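K.L.:
Can you read through this structure? Questions will come right after.
The values are calculated or read from the model by the stated rules, or taken from the named source; none is laboratory data. Every value quoted in this text rests on a predicted model; they were computed, and no experiment measured them. All Cβ positions, glycine included, derive from the backbone under ideal geometry; neighbour counts span all protein chains shown. Keep in mind that these areas ignore ligands, DNA and RNA; they rest on the heavy atoms of the full protein, side chains included. Shrake-Rupley method; radii C 1.70, N 1.55, O 1.52, S 1.80 Å.
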Amino acid sequence: MLIPQTEIEAAAMIRAHAEKAVPLAISGGGTRAGFGNAVSGAAELRSTGLAGIVTYNPAEMVLTARAGTPLAYIESAISVHGQSLAFEPTDHRGMMGTLGQPTIGGVFASNASGPRRFTAGAARDHLLGVRFVNGHGEVVKAGGRVMKNVTGLDLVKLMAGSFGTLGLLTEVTFKVLPQPKTAVTIVISGLDDEQAVKSMAEAMALPVEVSGAAHLPETVRSHFIGGALKDGPATVLRLEGIEASVSVRAEKLAAIMSGHGPVSRLDPEQTAWLWREIRDVHPYADGTERPLWRVSVAPSEGWKLVAALRLEAGIDAYYDWQGGLVWMRMEADPEADLLRRHVKAAGGGHATLMRARPFVRAGISAFEPQSPAVALLSQRVREKFDPRGIFNPGRMAKGETK
């Protein structure tokens, strides 16, 4: 395992491997090991030696940190100033069965975005600048504390969600935002999937600023907040902000949602607990290797997709992002072809295989297959960044060697 302590050292290591075309498995804290397709790197290059906050001005709400800095350290440092990462980065350790500490570079490299994604944007939308080492062993800087040109913006966005296939991130600059003073959750009990999606759509159209909308069917309901949710499926709507505002908005939302079914309310502590478990896919952090999919479709189509699949396969599922993000665990086989056929029939989307037994994963493309034109463009981009094909070969596209 290679753990450079400086950016210069990292560049030298990459140049040495590029000269011999020796592949490298790029990673941060290793908490997302297993993401994507299998990588056969001769050595693992980790960013964890590149740690620490470089600059942070709370008044400007912009922070620059080295990529290997533990996420927990970042969150602790900004919470002192009443700030947070608005995109709620997912902690994948439970569902993936991994250990270690998530890094801030890993968060952006995987574009890890939680329940607030559909209102606050994804991780990439908060990323302002990056430094990374490309496949030539050159240090590249893009963007900065304030984005000023389209070229920089595109390159920064490109690095977010690239899963270490374009370069080794060494430094990231990103926005932080004020942490909500309080939060409550309105719970509507007893709705089926279709009714829940309709009620969430109505809630999102109201002037109450819902920041989280999820539906937890009866099969998963008891796995949240220690089983404290009332019996029956739970449709949950989060409100955040200053206490007086949240109180007024909650009363209005509860009154309107009572027309759909029995309504109850979770206090701030229960709310934080619930949305953390929704974010981290707690029901399926079960210590098994049963196939787990992350499926993104139009919010109105998620429940239809699940209903259609249940006619042909054994699945369990719950919904985030107003129904547009479906966390789906298969009871037996991954059923990749079946799932992706139904995703296409639902108007398109993305089905990503997060977890399965190694020999099962070997025969399935983890990411949604790209069209030939997009695949060719992606290949050309990777060749520009990494001409010798040494960074996580095969991670994004199965069978790819460069």
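K.L.:
State whether one or more residues within segment 114-130 are in contact with a Ser or Thr (Cβ under 8 Å, 6 or more places away or on another chain), over 30 Å from residue 201 (Cα atoms), open to solvent by 10 Å² or more (accessible area, probe 1.4 Å) and among the charged types (D, E, K, R).
P.N.:
No, segment 114-130 contains no residue that is in contact with a Ser or Thr (Cβ under 8 Å, 6 or more places away or on another chain), over 30 Å from residue 201 (Cα atoms), open to solvent by 10 Å² or more (accessible area, probe 1.4 Å) and among the charged types (D, E, K, R).
K.L.:
Do any helices (runs of 4 or more DSSP H) entirely within segment 247-365 hold 3 or more residues that are under 27 Å from residue 161 (Cβ atoms) and open to solvent by less than 40 Å² (accessible area, probe 1.4 Å), and if so, which?
P.N.:
Helices (runs of 4 or more DSSP H) meeting the threshold: 268-279, 302-310, 336-345.
K.L.:
While we're on this one: Kindly indicate the residue of segment 206-246 that is in a helix (DSSP H, G or I) and either within 21 Å of residue 120 (Cα to Cα) or of a type in the set (D, E, K, R) (or both) and also nearest to the chain's Cα centre (by Cα) among those meeting that condition.
P.N.:
Top of the filtered list is 221.
K.L.:
Could you tell me whether segment 64-78 includes any residue that is part of a loop (DSSP other than H, G, I, E, B), farther than 30 Å from residue 241 by Cβ and of a type in the set (Ser, Thr, Tyr)?
P.N.:
no
K.L.:
Which members of segment 1-56 meet the condition of being of a type in the set (S, T, N, Q) and either surrounded by 16 or more Cβ atoms within 10 Å (Cβ to Cβ) or at pLDDT 95 or above (or both)?
P.N.:
Within segment 1-56, 5, 6, 27, 31, 37, 47, 48, 55 meet the criteria.
K.L.:
Just give me the residues in segment 27-53 being within 16 Å of residue 172 (Cα to Cα) and either touching a helix residue (DSSP H, G or I) at 6+ places or on another chain (Cβ under 8 Å) or assigned to a loop (DSSP other than H, G, I, E, B) (or both), in sequence order.
P.N.:
Residues satisfying the conditions are 27, 28, 29, 47, 48, 49, 50, 51, 52, 53.
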